[in-house]
Amino acid sequence: MPLGCTAEWTNVLQNRFFFSADRRTHLPRDEIQDERLGKTEQGRGRSGGVLGSEKWRGRWIERWFRSPNGSNSVFPHQWQWRIPVSAAIEPSSPPSPSLSSVSTANSLPAFLSSPAMDMAIDSAPNGDASPAAAPAAQAAPTSTARLAQLAESLKLEHQLVRVPLEHLKKTIRFDYRLAEREFTAVLSSVAEAADSLDSSSVDETLKQLSSLVTRLQGLKRKLEEGGKLENLQVQRCRARLEHLRSVADADKLDDWKDARLNRILVDYLLRMSYYDSAQKLAETGNIQELVDLDVFIEAKRVIESLRNKDVVPALIWCAENKARLKKSKSKLEFQLRLQEFIELVRANEHMKAIFYARRYLAPWAATNMKEMQRVVTTLAFRHNTECSVYKVLFEPTQWDYLVEQFKQEFCRLFGMTNEPLLNIYLQAGLTALKTPLCYKEACSKEDPLSQEGFRKLAEPLPFSKFHHSKLVCYISKKLMDHENPPLVLPNGHVYSTKALEEMAQQNDGKITCPRTGEVCNFNELVKAFIS
């Protein structure tokens with residue numbers, strides 16, 4: 001069912017039949033005369049309408065989908081309405097995603113989406129329910145719960161589809177602007193040639209037209225290359241949608257999880273500038289279409305140029321994405337212009353710096369006057385000034401700041417997360433493990449938060465809240481409860497009863513503390529009670 005058909009459905013339904021029990025003239029004549037509808041028609045006063053019978057409702061709608069002359073002229077769409085209603089409402093195996101394959105539940109009338117209607121749709125042609133319907137109904141809650149879990153796991157997969165889509169849109173915009181610019185120039189040249197046809201010779205005119213043909217051939221070649229790139233990006237979008245769809249297949253779930261882990265690692269390596277390692281991992285896992293190597297390689301050129309103190313590639317990137325950067329109110333281009341001004345001042349080229357400020361910084365004065373005044377004041381200082389307000393502008397760390405700002409704008413432009421996906425997943429797990437004890441000396445070495453790297457990653461996270469403490473044995477790693485109560489050694493350390501009994505059996509009743517190495521007898525242990 002195409003989208004936006006709700007109003008059309010309402011009009012057609014109102015014209016074809018009427019639900020009220022006391023307006024029989026609005027029923028279709030061919031339906032009233034039908035033998036199967038005769039009995040139902042006689043009992044309309046008691047059943048509350050011709051649609052009162054749930055068993056009969058599905059067959060009536062199947063008949064209603066056919067127009068009186070046997071064609072589908074009731075609807076202007078090229079649909080075969082004589083298919084079963086269940087296939088029209090909720091196909092069991094939907095086609096590839098498109099506007100025409102979107103579920104029609106939201107655009108159907110209320111009685112079509114009711115539970116009774118679902119029973120009628122799933123019924124056998126003679127009105128009797130199929131014996132296989134009961135097991136399917138029992139399996140429905142399990143399937144629903146599993147799909148809910150899968151939906152939760154897909155919430156962080158936003159950028160998987162967003163990145164190639166944004167890249168495709170960027171390519172389309174670039175080809176469109178290129179074609180528009182070239183066609184405008186060609187038409188203008190043709191008009192000039194036509195105006196000067198009388199005053200110029202034939203050879204000059206032919207030469208001018210030949211240059212236009214050559215220009216159009218070059219445009220054709222560029223558009224063909226752009227078309228191949230667009231097809232490649234469309235194929236990548238399709239491959240990623242198929243990858244996300246495969247998560248619903250229980251047989252492929254393990255492979256899907258392995259691919260997701262590889263994608264997360266590749267994403268982390270690309271963000272940390274380990275491009276060769278990321279490419280090898282993608283090739284090993286056969287996930288080239290599921291990662292964004294080409295997008296990050298494009299960013300790599302800009303990042304390396306900024307680290308080499310060259311702003312030209314970054315300014316070219318800003319010019320290519322000027323409209324979107326302006327829409328997001330980005331100040332990246334302004335910061336790049338300021339840094340280029342600072343470099344001119346550092347080189348004692350003050351006149352060039354003044355001309356540069358008039359040309360490139362003046363347009364930003366309306367919105368960034370204070371920052372511009374601060375930078376322009378550096379003309380009165382040398383690069384080795386000791387004034388802290390202006391000294392920081394000449395620090396090499398300014399280039400690191402530009403690199404980080406470019407990464408943020410780049411991720412925002414392509415719909416990526418600012419943090420690597422690996423950090424996000426790790427932080428989600430560390431949230432459940434972070435407690436005040438993790439930052440004390442008594443923290444177990446087996447706790448991930450005992451390591452400095454994990455502590456730094458969990459620093460912005462809140463502490464996990466436990467309403468009831470759980471005691472876990474240091475030896476057996478099992479829970480200590482009423483069935484496995486804790487025992488206290490003379491040195492104060494606590495372990496589970498089962499672990500200490502097993503140790504005593506192996507050492508002739510002797511207990512050795514695994515933390516301190518002290519030895520005691522089993523009868524010296526004291527039972528602790530959990531309140």
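Just in segment 490-531: which chymotrypsin sites (Phe, Trp or Tyr not before Pro) are loop by DSSP and have at most 16 other Cβ atoms within 10 Å?
Taking segment 490-531 and a limit of 16 other Cβ atoms within 10 Å, the loop chymotrypsin sites (Phe, Trp or Tyr not before Pro) found are Phe529.
Using the heavy atoms of the protein chains and a 1.4 angstrom probe, tell me the accessible area per residue for segment 184-308 in square angstrom.
Solvent-accessible surface per residue comes out at 63 Å².
Taking 0.36 nm per residue of sequence separation and subtracting the Cα-Cα distance, how much length would be gained by fully extending the chain between Val190 and Thr431, in nm to one decimal?
Stretched fully, the Val190-Thr431 segment lengthens by 80.0 nm.
Quick one: how many Å² of Lys228 are accessible to a 1.4 Å probe, rounded to 10?
Probe radius 1.4 Å; accessible area of Lys228 about 150 Å².
GluC sites (Glu not before Pro) within segment 412-513: which are DSSP loop residues with at most 12 other Cβ atoms inside 10 Å?
Sparse-neighbourhood loop GluC sites (Glu not before Pro): Glu441, Glu446, Glu483.
Ordering Ile511, Ile172 by how much accessible area each has at a 1.4 Å probe, largest first, what is the list?
In descending accessible area the options line up as Ile172, Ile511.
Just to verify a number: what accessible area does Thr284 come out at with the full protein assembly present, 1.4 Å probe, Å² rounded to tens?
In the full protein context, Thr284 sits at about 120 Å².
What's the FRET efficiency of Val472 with Lys309 using the Cβ-Cβ distance as r and R₀ = 41 Å, to the nearest 0.05?
Working from the Cβ atoms, E equals 0.15.
Using R₀ = 30 Å, calculate the FRET efficiency as 1/(1 + (r/R₀)^6) where r is the Cβ-Cβ separation of Lys257 and Gln505; round to 0.05.
About 0.10, to the nearest 0.05.
Please identify every one of the GluC sites (Glu not before Pro) in segment 320-386 that sits in a loop by DSSP and has no more than 16 other beta carbons within 10 Å of its own beta carbon.
Glu349, Glu386
Here are some pairs, Lys322/Lys456; Lys252/Lys300; Lys155/Lys280; which of them have Cα atoms lying more than 29 Å apart in this structure?
Beyond 29 Å between Cα atoms: Lys322/Lys456; Lys252/Lys300.
If each of His350 and Asn384 carries a label point 7 Å out from its Cα toward its Cβ, how far apart are those two points in nm?
1.8
How large is ³J(HN,Hα), in whole Hz, for each residue of segment 377-385 in order, when computed from phi with the Karplus curve 6.51 cos²θ - 1.76 cosθ + 1.60 and θ = phi - 60°, using x for Gly and Pro?
5, 5, 4, 8, 10, 8, 5, 9, 4
Express the carbon and sulfur contribution to the solvent-accessible surface of segment 377-470 as a percent, rounded to the nearest whole number, probe 1.4 angstrom.
So the carbon and sulfur contribution to the accessible surface is 56 percent.
Hey, can you grab everything whose amide H is under 5 Å from the amide H of Tyr495? Only 5+ residues off in sequence or another chain; H modelled, so Pro and N-termini drop out.
So Tyr495 has HN proximity to Leu487, Leu489.
How large is ³J(HN,Hα) for each residue in segment 322-329, as worked out from phi by the Karplus curve 6.51 cos²θ - 1.76 cosθ + 1.60 (θ = phi - 60°), to whole Hz, x for Gly and Pro?
4, 5, 6, 5, 5, 5, 8, 6
Which value in nm describes the separation of the simple spin-label points at Lys207 and Phe183, placed 7 Å from the Cα toward the beta carbon?
It works out to 3.0 nm between the two label points.
Under the rule of at least 5 residues apart or a separate chain, name every residue whose amide H is placed under 5 Å from the amide H of Met480.
Leu471, Val472, Cys473
Calculated FRET efficiency, Glu242 and Ile297, Cβ-Cβ r, R0 22 Å, to nearest 0.05?
0.35
Using a probe of 1.4 angstrom, how much of the accessible area of segment 158-291 is carbon and sulfur, in percent?
56
With all protein chains present and a 1.4 Å probe, how do Leu426, Leu361 order by accessible area, largest first?
Largest to smallest exposure gives the sequence Leu426, Leu361.
The values are calculated or read from the model by the stated rules, or taken from the named source; none is laboratory data. If you're wondering where the values come from, they're calculated on a predicted model, not measured in any experiment. Don't worry about glycine lacking a Cβ; one is built from the backbone with ideal geometry, like all the others, and counts go over all protein chains shown. The protein model used for the area step is the full one, side chains on, heavy atoms only, and it has no ligands, DNA or RNA in it. Shrake-Rupley method; radii C 1.70, N 1.55, O 1.52, S 1.80 Å.
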